[in-house]
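First the structure, in the form of structure tokens, and then the observations on it.
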Amino acid sequence: MTDTISPKKGVPVWAQVLIWGGLLGLLALVAIGLVRAQRPMLIVGAQVPDFTLPLYEGYDYGGAEEIALSDLRGRVVVVNFWASWCKPCEGEAADLEAAWRLYQPGGEVVFLGVDYVDTEPDARSYLAKFDITYPNGPDMGTEISRIFNRNLGVPETYFIDRSGILRYIKIGPFVSPEEIQAVIEAILLEG
Amino acid sequence: MKFARLGLLAFLSLVFASLFLSAGPAPAVLAQQPTPADDEVNAIAQELFCPVCENVPLDVCPTEACRQWRELIRQMLAEGKSEEEIQQYFVENYGARVLSEPPREGINWLVYVVPPLAFLGGAYLLFRAFRTWQRLAREPEAEAGSGSAPAAPPEDEYAARFEAELKKRK
Amino acid sequence: MLPEFGFGILVLTFLLSLFAAVAAALGHFHTSERWLESGRRAMLLTFPLLTLAAGVLVYLLVSGRFEVQYVYSVTSRTMPLYLKATALWGGQSGSILFWSWLMAAFATAVSLRKWDRDREFLPWVVVVTSLTLAFFLTLLVFFENPFTRWWQTPGGDFVAKMFAPAGATLVTPRDGEGLNPLLRHPGMIIHPPMLYLGFVAFVIPYAFAIAALVTGRTDDRWIRITRRWTLLAWLFLSLGLVLGMRWAYDVLGWGGYWGWDPVEIAALLPWLTGTPFLHSVMIEEKRGMLKQWNMFLIILTYSLVIFGTFLTRSGVLSSVHAFARSAIGPMFFAFIAVTSVVSVALLLHRWKDLKAEMQMNSLLSREAFFLLNNLLFMGVLIVCLWGVLFPLISEIVTGQKVTVGPPFYERAVGPLLGVLIALMGIAPLAAWGRSTLRTLGRAAWKPSIPALLTPVLLFALGMRNWIALVGFTLIAFVLFITLYEFWRGVRARMKSQGEGLFTALARLVSRNRRRYGGYLIHIAMVVMAIGILGIEVFQTATQQSLAVGESLDLAGYTVRYDSLAQFEHTDGRYVTRAVLSIFRDGEFLQEVYPRYDLYPDGQTMTIPGVRTTLADDLYVVLVNWENLSVFQAPFKVYHNPLINWLWIGSLIFILGYAVAAWPQKEQE
């Protein structure tokens, strides 16, 4: 209710400040929201913030029950978001596993499966069904997917280089193990 | 959620396959404990929101993912978990957005505090305005002595006539 | 050829609308009739031009020209003709064209009126309307062109462009993607145009308000001129909202009509400022007060119209209704920022000139009650706006997404609506200027008696829910008071004029259309409130898996599952349809046929089977997301008491509106 001021006077300064402040605040809020909606939060070339992934039993990383990105500095990290309810994920599951088996002996590349909003029993039967062996764990409270993207769809895969810089984003499923290999080789070559 | 939608499509085709294949009634569930009924599951699911779709309550969400979550609720109920425990589990696993209201903590208090404060502020300003108006209305009357009543607007002329007529009839 | 033609017209209209704004402004500053007239005529031309452009798009849609991307994305060969034609507003760019066309129609209508008495408004009305139009045309010409076509580049890629990229050939897909099945419903076909009509019509009063601010003519002339526009906007907005509810109830299959989804709220926001505006302008007309407040309200309404459209289309809010994320967000933002800042600056600049001519005398006057109504509506507005914006704030500050859902809104809005209903009963009894408790009491005591008996009766009948008891008491209060007002008027006429009951009623209403039309609208509102209260408080539901021949019980009804059939519809969708029988006390009432349709693109639509009476709806959903077979199928059954009164109320609403706004001999 703004027209409460004595009708003989103009608008007092405090009210003007309040009105303009409110209006500009609202506009700023919407502008920030718009900027965030229009571009993903993490872009290629950016340093990936650290996160910790709790691991499912049997899908640990060298015996560790959880793994932090910072522990993997010096290795190329492939972060794959998936869910058991996601049909396209099934299409790439075998390819990811094949690529993992190719790189596992070298130890230069680590695959991390991040299970996006899923239930554990279904996730486990999915992992068993596709014979997946690389470290996998749930995205608790969607903390990790929030780092990478705002409106996450699955599958999405992020490639991080040895110094923790995001190098490549794949939205949607891979069609062959060679496709995954090509990206990793390029990152390995660059150093 | 394009990919999720593709998933839904595949899921539906599965449903169809099962529809034609299943020649007999669905086999009775051989559970050790009594399975919680759909209504018990829905009672909890309707207080939660689908973690992948936007603004869809979990009890009416048709995606495969939500079906799994309802099964999860059923399972947790069978294990004897309370509604609070189930909600807690969902928040830990899928984030605060599964709740139908922001949890009452930290900055989220703003969502509950700001509207009443704004409303009270508005009410106060309106009250002050009334006071000012009444004072202003009294002043000229006092000066003029008799207090010239404002000319009655047309609709009230009608209303006055109307009231007078009513009085006559009584 | 046709797409280029359509696009050419859009570009031409865009330039014309810019010219109209510039010419009208020049006309004002140079006091040049010729510039002004030139601007006005340019604006008049936009309507036939946009009619042509929209006609071209409709023709392309109807004739299945799938090389046009828009046609490809919203129609398919199997769609019936009426759906192809109405797909004009089924997608982003088409609906913006449709919106622009309505805007041009209204702008034309308003500039054809006689301007002799208020010539000074004309240039600024032209400037505001044609700039708004130019903004929407900018979106069409530069960002969301409905006439872009599919091309195949020499590299083999498919691209959507207006003109052929070098070496590319035109591609004509064999069939289109088709309209989202959820939108293939009569309610969804009229719902968007109604909302758009409401939105666009609010631009006219806003344009006059700005004209009044710029020219410094601060009497209530702008309100008198635009009264009918405001009413029209309000009617369409209200109908659009009700149709949206009906659509949700019929098609979405979750047993309700309103889910407090951000996009639903975005459409409600302008209604929440338009309604108090409608009331408070009466104070200005009668008493010359609240000029500043009315200006503020109409500016707010216009801003919320644009803001709501922006929220829906920019991807800022994620919602089931939202259009796909697109490039137009920043444009909308810039437009909102410019219009709101300029409007507020103008209002503050003229603040002193807008002082009241009369003062508020009494807390019991009608204007005092109207102000209270305004305050309550602002309360609801703040709750809704804050609820929509808060997830954004939370995400920016903490990075955490939160949902602000129905419990929040219901708790906050419920009590405010209750007080608003009470006001609806009292305020019309109060006189302008001054009322006393005695006059109020005299008008209210008789109808108050049956109103106060209502909760007693309901309690005796077994109703124990206090929210419902309070709600129904308030509803009864308004209903009886308003009906009693009719009766007082009719009786007076019958005695003084010696007329019969119906003649007296007809003459009473026709001589005081605004008053009695308004009463009818109040009745409509409380009748709708009956339905809302019924479903909100007393809805019950159960979900059970039934074998054929098995039944479930809910709210005194027995629902038996008889059979299930699956078949393919001619338009390609796959229908699964169940037959259930409804019994009450062992007596067969009727069959219902809940079904769900699977469309070729994988989308499903769940259509409930509903038995509907004045007392309640039994709403049966075939739960397609759980396991189902021919012999065993899960059903969710909702019992929705009194919901029909929501729809009946909306019909009374139209009647009341017709009475209030039916063209009369001009008496300005």
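The values are calculated or read from the model by the stated rules, or taken from the named source; none is laboratory data. Keep in mind that this is a model prediction, so the values were computed, not measured. Here Cβ is always computed from backbone atoms with ideal geometry, including for glycine, and neighbour counts include all displayed protein chains. Remember, those area values only see protein heavy atoms, side chains included, never the ligands or the DNA or RNA. Shrake-Rupley method; radii C 1.70, N 1.55, O 1.52, S 1.80 Å.
Just a few scattered comments:
- Peptide C:344-352 shows a mean partner chain C-beta count of 4 within 10 Å per residue C-beta.
- Portion, in percent, of the accessible area of region C:1-184 that falls on carbon or sulfur, probe 1.4 Å: 65 percent
- Within region C:431-584, all pairs of alpha-carbon atoms sorted by distance into 10 Å bins from zero give the percentages 9, 22, 23, 17, 14, 11, 4.
- Candidate cross-link partners of residue C:446 among the aspartates and glutamates, defined by an alpha-carbon separation under 20 Å and a same-chain spacing of 8 or more, comprise B:163, B:165, C:485.
- Computed E for residue C:457/residue C:502 - FRET, C-beta separation, R0 22 angstrom, nearest 0.05: 0.15
- Calculated FRET value between residue B:85 and residue C:85, using beta carbons and R₀ = 35 Å, to 0.05: 0.05
- Environment charge of residue C:265, counting only residues whose C-beta is closer than 14 Å and scoring Lys/Arg +1, Asp/Glu -1: -4
- For region C:85-141, the equivalent ellipsoid derived from the Cα gyration tensor has semi-axes of 28, 13, 5 Å, listed largest first.
- Region A:52-190: translational diffusion in µm²/s, Stokes-Einstein, Kirkwood Rh over Cα pairs, 4 °C, 1.567 mPa s: 88 µm²/s
- The Rg/Rh ratio for region A:103-168 is 0.98, where Rg is the radius of gyration of the alpha carbons and Rh is the Kirkwood radius.
- All Cα pairs of region C:539-646, percent lying beyond 19 Å: 42 percent
- Dividing the convex hull volume of the alpha-carbon atoms in the protein assembly as shown by its residue count gives 204 Å³ per residue.
- Cα-based shape type of region C:349-466, given that a ≥ b ≥ c are square roots of the gyration tensor eigenvalues and the cut on a/c is 1.5: oblate
- Karplus-derived 3J(HN,Hα), 6.51/-1.76/1.60, for each residue of region C:169-183, Hz, glycine and proline x: 10, 5, 10, 10, x, 6, 8, x, 6, x, 6, 3, x, 4, 8
- Rounded to 0.05, the FRET efficiency of the residue C:436 and residue C:180 pair, given R0 = 51 Å and the Cβ-Cβ distance, is 0.30.
- Peptide C:27-35 has a mean shielding of 0, counted as Cβ atoms of other protein chains within 10 Å of each residue's Cβ.
- Chain C - Rg and Dmax from Cα coordinates, angstrom: 27.3, 88
- Sorting the segments A:103-114, C:156-167 by their residues' average number of neighbouring beta-carbon atoms within 10 angstrom, most packed first, yields A:103-114, C:156-167.
- Partner chain coverage, peptide C:376-384 - average Cβ within 10 angstrom: 4
- Among C:83-94, C:177-188, A:42-53, the peptide with the highest mean count of other Cβ atoms within 10 Å heads the list, and the full ranking is C:83-94, C:177-188, A:42-53.
- Environment charge of residue C:179, counting only residues whose C-beta is closer than 15 Å and scoring Lys/Arg +1, Asp/Glu -1: -1
- Helical mean residue ellipticity (222 nm; -39500 (n - 2.57) per DSSP H run of 4+; nearest 500) of chain C: -21000 deg cm²/dmol
- Cys residues of the protein assembly as shown that find no other Cys beta carbon under 4.7 Å: C:384.
- Antiparallel bridge percentage (DSSP; both residues within chain A; nearest 5): 60 percent
- Region C:130-265 pair-distance distribution - Cα-Cα, 10 Å bins, rounded %: 10, 22, 25, 23, 14, 5, 0
- For the residue pairs A:87/A:129; C:286/C:355; C:114/C:286; C:286/C:352, the alpha carbons lie more than 22 Å apart in C:114/C:286.
- For region A:44-132, the residue among A:85, A:104, A:121 whose Cα projects farthest onto the positive side of the dipole built from Cβ charges is A:104.
- Karplus-based coupling profile of region C:423-438, in residue order and whole Hz: 4, 4, x, 7, 4, x, 7, 7, 8, 5, x, 7, 10, 10, 4, 5, with θ = phi - 60° in 6.51 cos²θ - 1.76 cosθ + 1.60 and x standing for Gly or Pro.
- DSSP bridge orientation in the protein assembly as shown - percent antiparallel, rounded to nearest 5: 90 percent
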